[in-house]
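First the structure, in the form of structure tokens, and then the observations on it.
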Amino acid sequence: MKNFEVAAIFNEIADLLEIKDENPFRIRAYRKAAQNIESLTQDVEEIAKKGTLKEIPGIGKDLAAKIEEIVKTGKLKFYRKLKSQFPGIILETMSIPSIGPKTAKLLYDKFKLKSIDQLERLARSHKICGLPGIKEKTEENILRGIELFKKGKERMPLGVALPIATEIINRFKSLPEIKKINYAGSLRRMKETIRDIDILITSSKPKRIMDAFVSLPRVKEILAHGETKSSILLKDGIQVDLRIVEPECFGAALLYFTGSKAHNIHLRKMANDLGYKISEYGIFKERTNKRVAGKEEVDIYKVLKLGFIPPELREDTGEIEMARKGKLPSLVKEDDILGDFHVHSEWSDGAHSLEEIREAAKKRGYKYVAITDHTKSLVVAGGLKESELKKQIKEIRKINKKSKGITLLAGTEMDILSDGRLDISDNVLAELDIVIAAIHTGFKQSKERLTKRIIGAMRNKYVHIIAHPTGRLMGTRDAYELDFEEIFKVAKDTNTALEINAFPQRLDLNDINSKRAKETGVTLALGTDSHTLDQLDNLGLGISVARRGWLEKKDILNTLPLQTLLKKISKK
DNA sequence: GCCGTTTTCGGCCCGACTGTTTTCAGTCG
């Protein structure tokens, strides 16, 4: 039973208890526990085996016992019993915007709902009107909610949302009426998927800004158009919310809208203990209701005696405690990165020549860039044979000789074959500067076999990095299962780095696994997996994963100057 | 259901908005 599965059960229990109108704090306890389990950097099964479940924040005697039952039997009696009291359709109805537990239960009790479609028909024929507390408006809202529900609750990858938000912000930034502008929400926290884009502004001419906002070129529909808040739906289905706030509230609003919710709740509780109250308008002295800060986020943290917490860490997974002790990590920054370890050229399935890649990387200020084309077994990608690889190495050496400022590293993205063998012989690997190895076939194999393949590759003394370790492609292919404890252990022992692949659909390793790798003492390596020059820009996505994984400069291979890097990897 | 250098019981984050109501419940972020 995996962490997210246990978390899902607890979340569903919370939903069910809400329907039962249970003690809201009990419900909160389940949600809190679910959230903490999901963000654990260890398998909850392992923790259960060690008997230290109660050390997880929000897990007490009762929940620890429930987790143990789930881990041992794969089931939870309490959950099953609870679930049997309510048909699944109630939970489904609750996921419609504007319908909460009360309405869901009311609708079910009244109509014995079987499907969302049935609910839609009832609403269209005005059968819902007249139920206690429901009139035309609510009925309309339910229909609207069903529409949104059907449109898909799916979140979009960070790599899609970020350029859209940046484009909107750049468009507004230059306007003289705008004093401050920033995106907030999960986008600012750089979560790997985003539901909608929140933008915050201070302005002397709110009305003009709002008018300009709702008439942006890509608007498909205006969902709301007010003085301080407007929402639009873009043609590609993304919702963007714009809020205008007073300058003296900007920091408080930014903090509030950036979240996460759990982070905010924790801060507010701390504030209470210190005799303050936090809202989106500022932080106030409880007794006098006097605002003591609000203009800048950092001032609010200061009142709570905390250092500034970078948005990427704001998940309430220990960052507040660390800030209190003054032990926040100094997260890796874009400037720290000196090169890209994963780039394909026209020699295999990339679009550009070695010289073009060299120039593009130089323009980005890199000191080195690794050419890592596919190897022969990956026929679809035009993988290189040993002889071609040798030819490419010569070519790279030649280019390096006649040019300065940046070094091309002769590398490869070598296939780890289905049976665990490596695609290129050791004597050729020995000639390369850097070797990354990756799985591209046999994804459906057992956890044990896949783990063994990767470990086998790591034990080869020429393999420096394992690329996209879990093979996931967001929206297309799930991560395959691996025994991470084992992989991290061997990675550390063999001095092999694990990649944070910055390709937008991959982001692999992800934030949690990166954090866990760091805790085990593993080094991480950033690579864009670029096939075209503009994809080199994706490195920023990799950095945000690294930052969400609490990684510092010292945890990342790409921060080493060329000579130090070569020395380090040659020691393997 | 959790939690405790003020507590083992009595607390548990905060506000807006909406739609339905005559003071508030439900939903949301």
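Derivation of every value follows stated rules applied to the coordinates shown; laboratory data play no part. These numbers were taken from a predicted model, which means no experiment stands behind them. Heads up, the Cβs are rebuilt from the backbone with ideal geometry, glycines too, and the neighbour counts pull from every protein chain shown.
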Net charge dipole size for segment A:1-101 [Lys, Arg +1 and Asp, Glu -1 on Cβ; Debye, nearest 20]: 340
Within segment A:319-351, whose backbone N sits under 18 Å from a point 7 Å along Cα→Cβ of A:LYS363? A:339-340, A:343-346, A:351
So if R0 is 60 Å, what FRET efficiency would A:ALA351 and A:THR228 give, r being the distance between their Cβ atoms, rounded to the nearest 0.05? 0.85
Label-point separation, A:LYS112 to A:LYS398 (7 Å along Cα→Cβ), nm: 8.1
Pairwise FRET efficiency - A:GLU552 versus A:LYS127, Cβ, R0 = 45 Å, nearest 0.05: 0.15
Relative to the Cα centre, what is the charge dipole magnitude of segment A:141-252, using +1 at the beta carbon of each Lys and Arg, -1 at the beta carbon of each Asp and Glu, and rounding to the nearest 20 debye? 120
Relative contact order (%) - chain A, alpha-carbon pairs under 8 angstrom, separation at least six: 9
Apply 1/(1 + (r/R0)^6) to the Cβ-Cβ distance of A:ARG26 and A:LYS461, taking R0 = 60 Å, and write down the FRET efficiency to the nearest 0.05. 0.60
Total lysine pairs whose alpha carbons fall under 17 Å of each other in segment A:249-325 (8 or more apart, or interchain): 18
Before rounding to the nearest 500, sum -39500 (n - 2.57) across all DSSP H runs of length at least 4 in chain A and divide by the residue total; then give [θ] at 222 nm in deg cm²/dmol. -13000 deg cm²/dmol
For segment A:265-370, with +1 on Lys and Arg beta carbons and -1 on Asp and Glu, the positive-most of A:ILE283, A:LEU306, A:ALA351 along the dipole: A:ILE283
Answer with one residue from A:THR441, A:ILE466, A:ALA361: the one whose Cα lies farthest towards the positive end of the charge dipole of segment A:348-492, charges on Cβ with Lys, Arg +1 and Asp, Glu -1. A:ALA361
Taking A:GLU139, A:GLU296 and counting other beta carbon atoms within 10 angstrom, the fewest-first order is A:GLU296, A:GLU139
So if each residue of separation counts as 0.36 nm, and I subtract the Cα-Cα distance between A:GLN85 and A:LYS205, what length gain in nm does that give? 37.8 nm
Extended-chain gain in nm, criterion 0.36 nm per residue less alpha-carbon gap, A:GLU486 and A:LYS385: 33.2 nm
Non-local amide H neighbours of A:ARG472 (under 5 Å, H modeled in plane, Pro and chain starts lacking H): which ones? A:TYR480
Provide the descending list of Cα extents for chain A along its principal axes, expressed in whole angstroms. 79, 63, 51
